[in-house]
Amino acid sequence: MNDRKRLALFFAGFAVVALILAGVVSYFASSDPDGLDAATLKGCEVVRAETGERLDGSCIAQSAEDHRLAAGPFADYAVGGDDRFTGIAGIVGVLATLAVAYGLFGLLRRRSKAESS
């Protein structure tokens, strides 16, 4: 088996493992706030109101705004806000990352071949 075929098999195996992990492990991700969220909420209390949640007290999170893509199809690591599709969002994320990496490596490889000629 030549080196090119071995490398292609390695990357194919890597992609398969990454997709399986993204599809399965995504369901075990915690929905609790992470360290950054917890740090920005220090000094505040989250109070549930009829209009949603509000912050009482004084903390950094009071000046936070939603990201412009907060209503996007993959916001909060779910498809359409439905937690049942967290694995699909993980798989789409892995596929997008692999596509961008493949494109960038392809461009770099072409440029390095052109420079060495």
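A short reminder: the numbers here are calculations on the coordinates, not readings from a lab. Because the structure is a prediction, the values reported are computed rather than measured. Note that we place each Cβ from the backbone using ideal geometry, even for glycine, and neighbour counts take in every protein chain shown.
A run of the chain free of exposed loop cleavage sites, with GluC sites (Glu not before Pro) counted only in DSSP states other than H, G, I, E and B and at most 10 other beta carbons within 10 Å, reaches its longest extent at 66-117. Here the 3J(HN,Hα) profile of segment 37-53, calculated from phi with Karplus coefficients 6.51, -1.76 and 1.60 at θ = phi - 60°, is 4, 5, 5, 6, 8, 4, x, 10, 10, 7, 10, 7, 10, 4, 8, x, 9 Hz, Gly and Pro shown as x.
Suppose we flag trypsin sites (Lys or Arg not before Pro) only when DSSP calls them loop and at most 16 other Cβ atoms lie within 10 Å. Which is the longest uninterrupted stretch of the chain?
Looking at the chain, 69-117 is the longest stretch - no exposed trypsin sites (Lys or Arg not before Pro) with at most 16 other Cβ atoms within 10 Å.
The sum of -39500 (n - 2.57) across all DSSP H runs of n ≥ 4, divided by the residue count of the chain, sets its helix-only mean residue ellipticity at 222 nm to -17500 deg cm²/dmol.
The simple spin-label model puts a point 7 Å past each Cα toward its Cβ; for Ala70 and Asp34 those points are separated by 1.7 nm.
In segment 1-101, taking the dipole from charged Cβ atoms about the Cα centre, the farthest positive-side position among Ala78, Ala61, Ala49 is held by Ala78. Modelled spin-label separation between Leu95 and Arg4, with each label point placed 7 Å from Cα along the Cα-to-Cβ direction: 2.8 nm. For helix 3-25, report the angle its Cα long axis makes with the longest principal axis of the Cα atoms of the chain; keep it between 0 and 90° and round to the nearest 10°. The two axes meet at around 20 degrees.
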